[in-house]
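The structure appears below as structure tokens.
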Amino acid sequence: MLYKSLKSNLELVDFKTAVINGLAKDGGLYFPSEIKELDESFIKNLDKKTNYEIAYDVIKQFVGQSINESDLKKIIKKTLDFEFPLIDLEKNIKVLELFHGPTLAFKDVGARFLANCLSHFNTEKESIVLVATSGDTGAAVANGFLDVKGTKVIILYPGGGKVSEIQERQLTTNGGNIIAMKVNGVFDDCQKIVKTAFTDYDLNKKLNLTSANSINVARWLPQMFYYFIAYKELTKQQKEIVFSVPSGNFGNICAGLIAMKLGLPVKHFIASTNINDTIPRYFKTKKYIAKASKQTISNAMDVGDPSNFVRITEIFENDHDSLLDKMSSFSFDDKQTVKVILDVYNKSKYILDPHGAIGYLGLIKYLKKNPKYLGIFLETAHPVKFSDDIEKTIGCKIKIPTEISHLLEKEKKFITINNYKEFKRELIKF
Ligand SMILES: *Cc1c(COP(=O)(O)O)cnc(C)c1O
């Protein structure tokens, strides 16, 4: 399978080139030029397969000749060596927990797959991976790339308490080939520095820069695995299934839609957002109007101009009616988020994180009008990552999992920068 650019449709490249470039030369996002549906028998027999087998069969057409079977299987093994439990929460509501990876957020899968692919394609020149983060991406990318030969990772994150204490520790205590830069500004400023670096001719002549944000197909596509893995336990299910996905840059839900295109029987997707509601507004008005992002307690979804949405409109061939048939989108504010965390804790003793809480709210809203479906929402981060907000809400302490308890003793190391000029001066030193 080849990838086209969604801007001009002119460039056709293989998986390897798409992964190394990140973004097409014309500035467009890469998208599969054709998608072949999987056999019905594959879907019916998901419950008899391991997660590794499922992942291999799902991803192989997207990788094509770029990686041979045995190496791809090894990469998948390194990517998926943790659990993805599907838990009954209420009648007709299940939660798919995606936070059992090393950095306790769902981004571990995409980040590990990307890191292992890049290391497989290893070119002679060292790759400098630049990543702007509002919290979770940086941690997952750092963890995925830690000690990967031939790579150095520069994480840019906003200072002034915009990432939580645990997130900051995950970004700044890695050492080795991971360098953290704390930017005096907001997430948009971090992203701007990264974008400027990619267009800085002088810098690109010296260094081999790569992006690890979800525009990269190797970070985006492995997220399909979640939906197939969840369905493993639902093959005997009589009811039709809907998924609610807490969404920011819309990479995860877009991977779900590709899973559906591959034949996974999903009736409907709900894109649940915080007050950064560009897409819920689009569903109502048919007009896409990006806005500057606003800060919320579900900080990984503070995105005002979601990059992956063009991929979603491409899936539906730009037909608004078929988009509305398969997808809904709702937004919720911090007050509603905090209230539902408390309500669910009181009712079920289950602790939602602010992102999962928004997924739950979107699902409840949809099921109210469509009660005959079975609803699954994605819990995308462990609540301990946001313990400051959550412990205040529920009035009790969250136990710190062993994956991160050791971080609390480590020293935070970062370089503070104020602007692009300072960034470049520091970068050239490494
Ligand atoms: C990144 C992130 C999201 C949003 O995912 P997108 O693919 O950007 O829509 C949701 N929840 C958490 C915890 C995240 O880290």
Inset, instruction - Restrict the check to segment 93-104 and report whether at least one residue is more than 30 Å from K195 (Cβ to Cβ), within 16 Å of the ligand (Cβ to nearest atom), at pLDDT 95 or above and in contact with a helix residue (DSSP H, G or I) (Cβ under 8 Å, 6 or more places away or on another chain). - result: yes
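Give K372, K429 a once-over and let me know the one that is over 26 Å from the mean Cα position of the chain (by Cα), surrounded by fewer than 11 Cβ atoms within 10 Å (Cβ to Cβ) and under 19 Å from V131 (Cβ atoms). First the steps, then the outcome.
Numbers: K372 fails: under 19 Å from V131 (Cβ atoms).
Result of the check over K372, K429: K429.
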Inset, instruction - Could you tell me which of the residues K397, K326, K368 is at pLDDT below 95, away from the ligand (no atom under 16 Å from the Cβ) and farther than 30 Å from I154 by Cα? - result: K397
Legend entry - Matching option when the condition is in contact with a Gly (Cβ under 9 Å, 6 or more places away or on another chain), crowded, with 16+ Cβ neighbours inside 10 Å and over 30 Å from I179 (Cα atoms), among L361, L378: L378
Inset, instruction - Filter segment 336-365 for residues that are over 24 Å from the mean Cα position of the chain (by Cα) and either over 17 Å from S244 (Cα atoms) or among the acidic types (D, E) (or both) and give the result. - result: K339, L342, D343, Y345, N346, K347, S348, K349
Inset, instruction - For residues that are in contact with a strand residue (DSSP E or B) (Cβ under 7 Å, 6 or more places away or on another chain) and either within 12 Å of the ligand (Cβ to nearest atom) or more than 21 Å from H355 (Cα to Cα) (or both), tally how many sit in segment 140-157. - result: 12
Legend entry - Given (1) surrounded by 18 or more Cβ atoms within 10 Å (Cβ to Cβ); (2) in contact (Cβ under 8 Å) with a residue 60 or more places away in the chain; (3) aliphatic (A, V, I, L, M), index of the condition I341 fails: (2)
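How do the strands (runs of 3 or more DSSP E) wholly within segment 130-219 filter down when requiring 2 or more residues that are of a type in the set (G, A, S), within 30 Å of P401 (Cβ to Cβ) and at pLDDT 90 or above: which remain? Don't jump to the end; show me each part of the working.
Values: elements: 151-158, 178-183, 208-211.
No strands (runs of 3 or more DSSP E) qualify here.
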Legend entry - Count of segment 29-55 residues which are closer than 23 Å to G144 by Cα and open to solvent by 30 Å² or more (accessible area, probe 1.4 Å): 4
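With the structure loaded, tell me whether D26 is out of contact with any helix residue (DSSP H, G or I) (no Cβ under 9 Å at 6 or more places or on another chain), assigned to a strand (DSSP E or B) and open to solvent by 30 Å² or more (accessible area, probe 1.4 Å) or whether it fails that test.
On the way: out of contact with any helix residue (DSSP H, G or I) (no Cβ under 9 Å at 6 or more places or on another chain): yes; assigned to a strand (DSSP E or B): no; open to solvent by 30 Å² or more (accessible area, probe 1.4 Å): yes.
Judged against the criteria, D26 is not a match.
Given the structure, is G110 assigned to a loop (DSSP other than H, G, I, E, B) and buried (at least 18 other Cβ atoms within 10 Å of the Cβ)?
no
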Inset, instruction - Identify the single condition in (1) over 30 Å from I35 (Cα atoms); (2) open to solvent by 60 Å² or more (accessible area, probe 1.4 Å); (3) not in a helix (DSSP H, G or I) that I351 does not satisfy, given that it satisfies every other one. - result: (2)
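Mind counting the residues in segment 65-92 that are in a strand (DSSP E or B), of a type in the set (D, E, K, R) and surrounded by 14 or more Cβ atoms within 10 Å (Cβ to Cβ)? So that I can check it myself, show each step before the final result.
First, pick out the residues of segment 65-92 that are in a strand (DSSP E or B): 86-90.
If we keep only those that are of a type in the set (D, E, K, R) too, we end up with 88, 90.
Now restrict to residues that are surrounded by 14 or more Cβ atoms within 10 Å (Cβ to Cβ): 90.
So the answer is 1.
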Legend entry - Filter result for K206 (away from the ligand (no atom under 16 Å from the Cβ) and over 19 Å from I59 (Cα atoms)): yes
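Yes/no per residue for (1) more than 21 Å from I376 (Cα to Cα); (2) within 17 Å of the chain's Cα centre (by Cα); (3) away from the ligand (no atom under 12 Å from the Cβ):
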| residue | (1), (2), (3) |
| --- | --- |
| P246 | no, yes, no |
| K261 | no, no, yes |
| H268 | no, no, yes |
| F283 | yes, no, yes |
| K291 | yes, no, yes |
| M301 | no, yes, no |
| S307 | yes, yes, no |
Inset, instruction - Could you tell me whether any residue of segment 270-277 is within 12 Å of the chain's Cα centre (by Cα), open to solvent by less than 30 Å² (accessible area, probe 1.4 Å), within 13 Å of the ligand (Cβ to nearest atom) and touching a residue at least 40 places away in the same chain (Cβ under 8 Å)? - result: no
Inset, instruction - Report yes if some residue within segment 156-177 is surrounded by 17 or more Cβ atoms within 10 Å (Cβ to Cβ) and in contact with a Pro (Cβ under 6 Å, 6 or more places away or on another chain); otherwise report no. - result: no
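The values are calculated or read from the model by the stated rules, or taken from the named source; none is laboratory data. Note that the structure is predicted; figures quoted are calculated from it, not measured. Every residue, glycine as well, gets a Cβ built from its backbone with ideal geometry; the counts of neighbours run over all protein chains shown. These area figures cover heavy atoms from the full protein model, side chains too; ligands, DNA and RNA do not enter into them. Shrake-Rupley method; radii C 1.70, N 1.55, O 1.52, S 1.80 Å.
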